[in-house]
Structures are given as structure tokens and as C-alpha cells.
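Some notes on the structure that comes next.
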Amino acid sequence: MGRNRLVSICVAAMLLIGSAKAQSDAVQAFDAQVPFAPVVADSAGVSQLTYELHLTNFAREAIEIKRVAVVNSESGDEIGAATGDILAGWMGRPGGTVVPGEVRTIQPGMRGIVYFNLPLSGPKPSQIAHRIEFRLVGEADGQSRTSTVAIATVDRRRPIALGPPLRGGPWAAVYAPEMERGHRRVVYATDGVARIPGRFAIDWIKLDTEGHSAPEGAKRLDAFHGYGAEVLAVADATVAAVRNDVENVALLADLPRVSIGDASGNYVSLDLGNGRYAFYEHLQRGVIVRPGQRVRRGQVIGRAGLTGQGSSPHLHFHVANANSLLGAEGLPFVLGGAEILGSYTSIEAFGRGGPWSPVAGPMPRGPFAPGPNMVVHFLDR
């Protein structure tokens, strides 16, 4: 037997032994998927990698997720990682609530979702993977295992630049990515696919100079400062869809309970081109555009109200990849024609009312993506 053939046989034997060992070490665990491509989005001037990792437990035992790291597939460097309480804050459970201390433990047949909003300090990655440390709950040795899974290609296209959806101000950009039932974390599965239409949605609420959205104890919708504000087309576009049959009510107490299909109330969607659609929700009845109509940036299309589901008058605005309220994926955007006045430290601080914290130095102007609970003034054209 020749020397080269002997070496080949030895190498093949070693590979078989290694393969057999890998098989013997295998355990039934989880399915890891990134169902929608990660995007690079902006939030208050900071680039973020935004997307979701779905983990479904196929084991007979519960699985505790101990650490999750996002890895640049090209360099092998970790872009970000979390353990313990920080990881628990990143995770959620579709379809219901869980005790915060248990959110990292996924029961057999259940799914956990990791919601990523990772700041990027270096080059934007083109492809990522996930290094997950976990253990099977109840195993005698409590052994931790690590798998590198769920490779995903990053969508590095620039977010679409849009004009103001409203005039004047101050307007608070109300949203909280960490809220369990906030727009960022509400998953809809109405047509056989799980999607997050409001991934980058903002509820715009108008304030007075003291930071109040209405006089104390207001019961009438028209007492709120943003009620009836003119809503503007954010770009030259074609009207893709309109709903205009939900009646306006006078009192907060008269708001009806609605299904998820009616939660948007009266709305307008604009076809922005290139597979992007802008959605305006909770409009007053009296929308003044129709499907197929061409509109110009800054043109009035309706008035802010409170039809559908909500607790006070506001304009819900988001951009998505299809002309569907629930059957689309939310996309990032930036706004021009606005200046930043300040911000609230949290959505809870906004809810308590009162003045916001002003920005230090010159007021930044667009195009920018408002950070959570930032207060802006939209400039006149």
C-alpha cells in the first residue's frame, strides 16, 4: 500500500471518529430562525442592527437560554451579547405574558423571541450568526452547551427619507422598544406568517409648552391638543388604500372595543415606491384622498383623531414592505423638516406628564429617526 493512500485512510478514519463523537454529543434542542432580514436603522443618530431571532424548543425538557451573542460572520467578532437580566429584557414570548424571571426558559413546544436593537460602533456587517449558550433544565449534570446557528444576511440599504407627517409642534414621538406590548414587540400571524408591521412605528402626540397632551381630567377628544391636526403626505406618492367609515366619537368613554382588524380605525396608506408603504392610522372620519390618487409631499390627506384602538388622540405612523396593515414587515425611515426640542427619559416619564428635558446646544435638524419619546417641532415648508 502506498504512503499517500495510507495517509488518506488515516485521515478518513479520524473524520469518521470525529463525526461519530459529534453525533454522540448531539442533543435535541431548539430551532433558531431569523424570519426577516436584519436591517441597519437609525435612532437618535445611533446606527442599530434591528431584527428578531425566533427560538422554538423541540426538546422534551425546558431549555434555559444563558447567553446570546451576535457574531460578525466575516471577522468572527462579537457585535453584541447579553446574559442574565439584560438578556431577559431582550426576550419576549409571542401570544402571552410570562414572569420576567422565566422569560429565558423556553418550555417544550414553546417559542421565545429575542428582539435585537444593537448599536453599531464599527463597520456594518454583511452577514451575522448567533452564538447561543443554553442548558437543558433538569439534566443531572446541568451542563451548558453552545451552538452557533441562524446565519442571516443583513439588509444594508439606507432607510427611506421622508418629509414631516404633521405641522408645528411640539410633538412627542412616543414608543418604547422594550415594552412587551409595544409596537416593536407585537407579532401578528393572520395569514400563516408571523410579522411585525409596527417594528419602527411612532405614535405622535401633540403637547403644550408644559408637556401636557390635554388639560387635566380631559374627557372630550377635542380637548386634546393634537385632535384635528392636519396630517400630511410624507412624499410624492400614490394613495394605495383608504378606510373612512369609522364614526368619530366625542368622549373617551364612548370609544368602542374593537378587533385587531379594526384597531387602526380610519387610515391611509401611501405607495412610496420600491416596495415601501407609509401608514397613517386613527384618522378622523373625513379622509380627503382616495385610492389611486397622486399626492405631493406636504399635501393634507386627513386629520388626526382617535378611531379604532387607543387611549387618547394621536397619529400612528409607520412604514412597511406591503400594502397591508397586519400582513407586512415594518421598515426603518428617517424624517426631514424637523428639529429636536428634547426628550423624556422613558415612556413612563412621558405618561406622568410635565416638561421634557431640552437638548443641550444647537437643535439638531433632520433627516433623522426620532429616538424613543423624543420631542420635535416640524418646520414649515
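The values are calculated or read from the model by the stated rules, or taken from the named source; none is laboratory data. These numbers come from a predicted model, not from an experiment. Here the Cβ positions follow ideal geometry from the backbone for every residue, glycine too, while neighbour counts run over all protein chains shown.
Can you confirm whether the stretch 174-184 contains a residue that is outside any loop (DSSP other than H, G, I, E, B), crowded, with 17+ Cβ neighbours inside 10 Å and not basic (Lys, Arg)? Checked the stretch 174-184: at least one residue is outside any loop (DSSP other than H, G, I, E, B), crowded, with 17+ Cβ neighbours inside 10 Å and not basic (Lys, Arg).
Have a look at 61, 74, 102 and point out the one that is at pLDDT below 95, charged (D, E, K, R), outside the structural domain of residue 200 (by TED's automatic domain parsing) and over 22 Å from residue 145 (Cα atoms).
74
Among the candidates 59, 88, 32, 37, the residue that is in contact (Cβ under 8 Å) with a residue 12 or more places away in the chain and either assigned to a strand (DSSP E or B) or on the phi > 0 side of the Ramachandran plot (or both) is uniquely 32. Going through the stretch 304-327 one residue at a time, which ones are buried (at least 23 other Cβ atoms within 10 Å of the Cβ) and within 18 Å of residue 159 (Cβ to Cβ)? 317, 318, 319, 320 - these are the residues of the stretch 304-327 that are buried (at least 23 other Cβ atoms within 10 Å of the Cβ) and within 18 Å of residue 159 (Cβ to Cβ).
Every condition in (1) buried (at least 18 other Cβ atoms within 10 Å of the Cβ); (2) touching a Lys or Arg at 6+ places or on another chain (Cβ under 9 Å) holds for residue 370 except the one numbered (2).
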